[in-house]
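Participant: Can you keep this structure in mind? I'll have questions shortly.
The values are calculated or read from the model by the stated rules, or taken from the named source; none is laboratory data. What you are looking at is a predicted structure, and each value in this text was computed from that prediction instead of being measured. Please note: Cβ atoms are built from the backbone with ideal geometry, for glycine as well, and neighbour counts cover all protein chains shown.
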């Protein structure tokens, strides 16, 4: 699902998230001659990912220093080896996820020292699991009978459409973030950044020319991860940041509580794509996010926490 990814409360059609084609999560089953009877809504798929004992190497991470020379909060939770195990098939052809390297992830995260560093060890690991689950869903190439399970195939694709990239402009009229001639703003990167106004906001925050050159998100892995972590860490009223939701720094208002928006993984889904995935019976997309989240929390040796779904939560206004 290409994320509408708007940190702003308004979008093209005035809703929270602009509806777009569900094309980014292309799987690779055809290339691997896997069965075609994929049941996207099968609730059993949540438990279909396999977890090898070798994945649980969190006790002895390959510690990576941040820009100050100190061990980064992220690298003390996710080692290089563990990253490769979490995203076991990111480089399996035709997946193009070898682009998403561990070093690029850690380098990008260094810009936000609070990421993976606030709260108890349990909370920090839970935040990392939630972030990785959402980007795994946005870039998934998995299917129910995939080798090693559906949830070993995150970070497969770089661009919306997978092996056949999207060509839509995703250009909305905007005086502040006008589209550059000849450029298209379809989903790119781990969070599938989409629409000119999102590229514009991300570019401004990161001091990058993303309106003029949105392709940077698909050609520079550090930039790609920076856009995803920027979105995760940035609150845009009335939405809190996903980070604050997961580490307990967000207190729902009375209106949030009445709308079913409560601290937990489900609210990160609401922030990212609530207009299409929340306030309705649990969608296949949410099931997929949950499947990744449950696998990742297990591998990272943490708990899932409360309020996992957003079926009864209204989108942010």
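Participant: Which residue, of 305, 291, is within 27 Å of residue 153 (Cα to Cα), assigned to a loop (DSSP other than H, G, I, E, B) and at pLDDT 95 or above?
Facilitator: One residue alone meets the criteria, 305.
Participant: Under 30 Å from residue 281 (Cβ atoms), at pLDDT below 50 and outside any loop (DSSP other than H, G, I, E, B), is that true of residue 51?
Facilitator: no
Participant: Search segment 74-95 for residues that are assigned to a loop (DSSP other than H, G, I, E, B) and pair each with any residue that is modelled with pLDDT of 95 or more and surrounded by fewer than 19 Cβ atoms within 10 Å (Cβ to Cβ) when their beta-carbon atoms are under 7 Å apart and the residues are at least 6 apart or on different chains.
Facilitator: Within 7 Å, the pairs are 88/148; 89/148; 90/98; 91/98.
Participant: Name the residues in segment 89-118 that are surrounded by fewer than 17 Cβ atoms within 10 Å (Cβ to Cβ) and touching a helix residue (DSSP H, G or I) at 6+ places or on another chain (Cβ under 6 Å), would you?
Facilitator: 91 - this is the single residue of segment 89-118 that is surrounded by fewer than 17 Cβ atoms within 10 Å (Cβ to Cβ) and touching a helix residue (DSSP H, G or I) at 6+ places or on another chain (Cβ under 6 Å).
Participant: Still on this model: Have a look at 227, 268 and point out the one that is within 24 Å of residue 150 (Cβ to Cβ) and buried (at least 23 other Cβ atoms within 10 Å of the Cβ).
Facilitator: Exactly one residue qualifies, and that residue is 268.
Participant: From (1) surrounded by fewer than 24 Cβ atoms within 10 Å (Cβ to Cβ); (2) on the phi < 0 side of the Ramachandran plot; (3) out of contact with any helix residue (DSSP H, G or I) (no Cβ under 6 Å at 6 or more places or on another chain), pick out the condition that doesn't hold for residue 148.
Facilitator: (2)
Participant: May I ask you to list the residues in segment 242-253 that are in contact with a helix residue (DSSP H, G or I) (Cβ under 8 Å, 6 or more places away or on another chain) and without any contact (Cβ under 8 Å) to a residue 24 or more places away in the chain?
Facilitator: Scanning segment 242-253 gives a single hit, 250.
Participant: Please determine whether any residue of segment 150-163 is part of a loop (DSSP other than H, G, I, E, B), under 18 Å from the mean Cα position of the chain (by Cα) and under 14 Å from residue 246 (Cβ atoms).
Facilitator: no
Participant: Among residues belonging to segment 56-76 that are more than 18 Å from the chain's Cα centre (by Cα) and buried (at least 20 other Cβ atoms within 10 Å of the Cβ), point out the one that is modelled with the lowest pLDDT.
Facilitator: By that ranking, first place goes to 64.
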